[in-house]
Amino acid sequence: MANPIEVKNLSKSYGDFHAVKGIDLTVGEGEILAFLGPNGAGKTTTIEILEGYRKRSGGDVSVLGHDPQSAPLAWRERIGIVLQESEPIAELTARESLVMQAAYYSQPRNPDEVLEIVGLTESSDVRSRKLSGGQKRRLDLALALIGNPELVFLDEPTTGFDPSARRESWAMVEALRDLGTTVLLTTHYMDEAEHLADKIVVIAGGAIVAKGTAAELADQVQAKTKISWSASPGTIHFESAQLLDNEHVLEVEKNQAEAKLYELLTWARHNNVALEGLRVAPPNLEEIYLLLTNEEHADV
Ligand code: ATP
């Protein structure tokens, strides 16, 4: 079967401004793809083209086997969309909203099952106006899932959430993965992308600057592993370690981390140095992302 999303050489101009400059994108069945990029990079433009809400200027787009610009109505039933901002109908309960929405679909999911997936069973009879911000976002996701979509677009689904609500949302997205749903996610939280995504695509200035797993992106920018330990008064210095914020920090190539750590431990033993708070931290996605997007900006 063809991939749920296939994009070749997609471009979009607003007048003489080129917002999307010939991008290629593939999302496989059941995959969670995180689409990342700075403000104004072209994410929303691309996603709205994929959802059939904007016309492209050039290139080929296939979403669930159709060109979104000319897809039949039945195609829309196969897609779920959670927008950045939306407001459920205030006077309806969560369950009533779902039952009403289910009527638009030929093969909807059972509303109670959907309430369970998004963790709203306990609040199913509460009117939307009384739901908390996090619960409203859960209802948004429930409304996107009621039609039993094969593909879900999640546009910054956890913006403004407290840390525990974000973790709960992640569990919901993981529940989608278990259902075999394909997900295209945009987010400005790198830990979210790192946690959820099978594949990451970074767009900047309308062009794709990197794609792959977090590890592949790390290789692309040759991000370094950090070995650090606490500095204490009178400690002697190891090689090229820098002293930063009361910590000794060594930055090494990923594939040299083990050898360097061995050297450090041997040195510490010979010199009777206690390496308190010793940490080995591989590069995180935030650092990798900043390197990728800064490189792009340097070219502009
Ligand atoms: P954000 O993270 O802020 O949501 P984004 O990556 O989604 O950003 P887009 O909304 O796709 O970015 O915008 C890409 C560029 O196209 C921006 O420079 C934006 O100002 C411009 N743009 C978007 N929509 C229009 C429009 N309807 N008319 C003219 N320019 C537009």
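The values are calculated or read from the model by the stated rules, or taken from the named source; none is laboratory data. Computed from a predicted model, the values in this text were never measured in an experiment. Methodologically, a virtual Cβ is constructed for each residue, glycine included, from the backbone with ideal geometry; neighbour enumeration extends over all protein chains shown.
Within the group Val27, Val7, which residue is crowded, with 20+ Cβ neighbours inside 10 Å, within 30 Å of Lys211 (Cβ to Cβ), away from the ligand (no atom under 16 Å from the Cβ) and not small (Gly, Ala, Ser)?
Unique residue meeting the criteria: Val27.
Do we find a residue being among the acidic types (Asp, Glu), within 30 Å of Gly42 (Cα to Cα) and at pLDDT 90 or above anywhere in the stretch 107-125?
No: the stretch 107-125 contains no residue that is among the acidic types (Asp, Glu), within 30 Å of Gly42 (Cα to Cα) and at pLDDT 90 or above.
Looking only at residues in the stretch 229-260 that are small (Gly, Ala, Ser) and more than 15 Å from Gly277 (Cβ to Cβ), which one is surrounded by the fewest Cβ atoms within 10 Å (Cβ to Cβ)?
Gly234
I want to confirm something. Restricting to the stretch 165-209 and keeping residues that are within 16 Å of the ligand (Cβ to nearest atom) and on the phi > 0 side of the Ramachandran plot, which single residue is surrounded by the most Cβ atoms within 10 Å (Cβ to Cβ)?
If we take residues in the stretch 165-209 being within 16 Å of the ligand (Cβ to nearest atom) and on the phi > 0 side of the Ramachandran plot, then Gly206 is surrounded by the most Cβ atoms within 10 Å (Cβ to Cβ).
Answer with yes or no whether Ser169 is modelled with pLDDT of 90 or more and either of a type outside the set (A, V, I, L, M) or under 16 Å from Ile81 (Cα atoms) (or both).
no
Results for (1) without any contact (Cβ under 8 Å) to a residue 12 or more places away in the chain; (2) over 29 Å from the mean Cα position of the chain (by Cα), shown as yes or no for each residue.
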{"position": "Met100", "(1), (2)": "yes, yes"}
{"position": "Ala103", "(1), (2)": "yes, yes"}
{"position": "Ser124", "(1), (2)": "no, no"}
{"position": "Arg127", "(1), (2)": "no, yes"}
{"position": "Gln135", "(1), (2)": "no, no"}
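Using beta carbons and a limit of 6 Å, which pairs, at least six apart or on different chains, have the first residue in the stretch 15-30 and without any contact (Cβ under 8 Å) to a residue 12 or more places away in the chain and within 14 Å of Ala2 (Cβ to Cβ) and the second one within 16 Å of the ligand (Cβ to nearest atom) and part of a strand (DSSP E or B)?
From residues that are without any contact (Cβ under 8 Å) to a residue 12 or more places away in the chain and within 14 Å of Ala2 (Cβ to Cβ), there are no pairs.
Would you confirm whether or not the stretch 36-59 contains a residue that is away from the ligand (no atom under 16 Å from the Cβ), in contact (Cβ under 8 Å) with a residue 40 or more places away in the chain, closer than 27 Å to Ala210 by Cβ and out of contact with any Phe, Trp or Tyr (no Cβ under 6 Å at 6 or more places or on another chain)?
Within the stretch 36-59, none of the residues are away from the ligand (no atom under 16 Å from the Cβ), in contact (Cβ under 8 Å) with a residue 40 or more places away in the chain, closer than 27 Å to Ala210 by Cβ and out of contact with any Phe, Trp or Tyr (no Cβ under 6 Å at 6 or more places or on another chain).
Identify, by number, the condition in (1) away from the ligand (no atom under 16 Å from the Cβ); (2) within 24 Å of Glu156 (Cα to Cα); (3) of a type in the set (D, E, K, R) that Asp67 doesn't meet.
Condition (2) is where Asp67 drops out.
Mind listing whichever residues of the stretch 179-195 are free of Cβ contacts under 8 Å to residues at least 40 places away in the same chain and either in contact with a Leu (Cβ under 7 Å, 6 or more places away or on another chain) or aromatic (Phe, Trp, Tyr) (or both)?
The answer is Tyr189, and nothing else.
Is there any pair with a first residue in the stretch 66-87 that is farther than 23 Å from Gly134 by Cα and a second that is within 16 Å of the ligand (Cβ to nearest atom) and of a type in the set (Asp, Glu) whose Cβ atoms are under 7 Å apart and which are 6 or more apart or on different chains, and what are they?
Filtered contacts from the stretch 66-87: Pro68/Glu51.
Return yes when Thr187 is of a type in the set (Ser, Thr, Tyr) and within 15 Å of the chain's Cα centre (by Cα) and no when it is not.
It is true that Thr187 is of a type in the set (Ser, Thr, Tyr) and within 15 Å of the chain's Cα centre (by Cα).
Scan the stretch 71-85 and tell me whether some residue there is closer than 18 Å to Glu150 by Cβ, modelled with pLDDT under 95, within 16 Å of the ligand (Cβ to nearest atom) and within 18 Å of the chain's Cα centre (by Cα).
Yes, the stretch 71-85 has at least one match.
Name the pairs whose Cβ atoms lie under 8 Å apart, with the first residue in the stretch 249-264 and among the hydroxyl-bearing types (Ser, Thr, Tyr), the second surrounded by 15 or more Cβ atoms within 10 Å (Cβ to Cβ), and 6 or more positions between them or separate chains?
So the pair list comes out empty.
Hey, among Asp245, Asp219, Asp198, which residue is touching a residue at least 60 places away in the same chain (Cβ under 8 Å) and not basic (Lys, Arg)?
Within the list Asp245, Asp219, Asp198, the selection yields Asp198.
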